[in-house]
Amino acid sequence: MEKLLVLTAVCKALREGLPDRAADLLRCEYPFAPDQIVARIHGLRKATRIFIRDGFTDRYTGERLVFPPVLRLISMVLPVDFPYHPNWKTDATHRAYWELSATVDHLVPVTRGGVNDDSNLVTTSMARNSAKMNWTLEQLGWTLHPPGDFGSWDGLVGWFLDYTQAHPESLMNVSIRSWYKAARAELV
């Protein structure tokens, strides 16, 4: 039965005061099937390697992205004009964190049988990663864009390394220092 027809029938059963009939319809025709939650932890070095491989290009949109600690450094220097919240609350964090910060996503979700290695990882923005969740590209009607050229766009990694070397006090921040080590290791 088509999903919309199932829900229509469920609503009809509920309107008629038949919640057991509605529940039976759902169980038989459109059962709840939770996605398995799988921890997907990527080290900063692995993430940096994927970003560089993909040329800091969002593989779902083709748009250029930025090395994540660049945004944090800007926020550290300009906290009022470029605010940051540790939980990325949208009412307290600049939109650039969601729109331009590079992150790693499983092309084929692990919950759909995707593997947890570089061949199944792509660069995307936090906004797209959140939108995609555990869906496949086919389910969303999205296409995979080719990787960018790191030589043409470095995601501001070069700026990040130059800035942290010129402002060593920025490396007192644990996150900035960790990203710095990852970038240096991958660019050697």
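The values are calculated or read from the model by the stated rules, or taken from the named source; none is laboratory data. From a predicted model like this one, the values you see are computed outputs, not experimental measurements. Glycine gets a Cβ as well: all are built from the backbone with ideal geometry, and neighbour counts include every protein chain shown.
Considering only residues that are surrounded by 13 or more Cβ atoms within 10 Å (Cβ to Cβ) and in a loop (DSSP other than H, G, I, E, B), which ones fall in region 168-188?
Answer for region 168-188, where residues must be surrounded by 13 or more Cβ atoms within 10 Å (Cβ to Cβ) and in a loop (DSSP other than H, G, I, E, B): just 173.
Run down 33, 39, 23, 9 and say which single residue is in contact with a Leu (Cβ under 9 Å, 6 or more places away or on another chain) and at pLDDT below 95.
Among 33, 39, 23, 9, only 9 is in contact with a Leu (Cβ under 9 Å, 6 or more places away or on another chain) and at pLDDT below 95.
Looking at region 80-130, which of the residues that are part of a loop (DSSP other than H, G, I, E, B) and among the polar types (S, T, N, Q) is surrounded by the fewest Cβ atoms within 10 Å (Cβ to Cβ)?
It comes out as 87.
Test of understanding: among 27, 64, 49, which residue is touching a helix residue (DSSP H, G or I) at 6+ places or on another chain (Cβ under 8 Å) and among the charged types (D, E, K, R)?
Exactly one of 27, 64, 49 is touching a helix residue (DSSP H, G or I) at 6+ places or on another chain (Cβ under 8 Å) and among the charged types (D, E, K, R), namely 49.
Could you tell me whether any residue of region 154-173 is over 13 Å from residue 67 (Cβ atoms), in contact (Cβ under 8 Å) with a residue 60 or more places away in the chain and touching a helix residue (DSSP H, G or I) at 6+ places or on another chain (Cβ under 6 Å)?
yes
Would you say residue 121 is more than 13 Å from residue 51 (Cβ to Cβ), touching a residue at least 24 places away in the same chain (Cβ under 8 Å) and in contact with a strand residue (DSSP E or B) (Cβ under 9 Å, 6 or more places away or on another chain)?
No; evaluated as a whole, the condition is false for this residue.
Just checking, which of 81, 117 is more than 17 Å from the chain's Cα centre (by Cα), among the charged types (D, E, K, R) and modelled with pLDDT under 95?
Only one candidate passes the filter, namely 81.
How many residues, within region 137-164, are loosely packed, with under 12 Cβ neighbours inside 10 Å and either closer than 25 Å to residue 75 by Cα or among the aromatic types (Phe, Trp, Tyr) (or both)?
The number of residues fulfilling the criteria is 1.
Of the numbered conditions (1) over 22 Å from residue 186 (Cβ atoms); (2) buried (at least 18 other Cβ atoms within 10 Å of the Cβ); (3) in contact with a Phe, Trp or Tyr (Cβ under 9 Å, 6 or more places away or on another chain); (4) without any contact (Cβ under 8 Å) to a residue 40 or more places away in the chain, residue 22 satisfies every one except a single condition; which is it?
In the conditions (1) over 22 Å from residue 186 (Cβ atoms); (2) buried (at least 18 other Cβ atoms within 10 Å of the Cβ); (3) in contact with a Phe, Trp or Tyr (Cβ under 9 Å, 6 or more places away or on another chain); (4) without any contact (Cβ under 8 Å) to a residue 40 or more places away in the chain, residue 22 misses (3) alone.
Per-residue answers, yes or no, for (1) modelled with pLDDT under 95; (2) closer than 18 Å to residue 47 by Cα:
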| position | (1), (2) |
| --- | --- |
| 85 | yes, no |
| 88 | yes, no |
| 93 | yes, no |
| 104 | no, yes |
| 123 | no, yes |
| 136 | yes, no |
| 144 | no, no |
| 161 | no, yes |
| 171 | no, no |
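Considering only region 60-77, how many residues are in a loop (DSSP other than H, G, I, E, B) and more than 16 Å from residue 161 (Cβ to Cβ)?
Here the count works out to 5.
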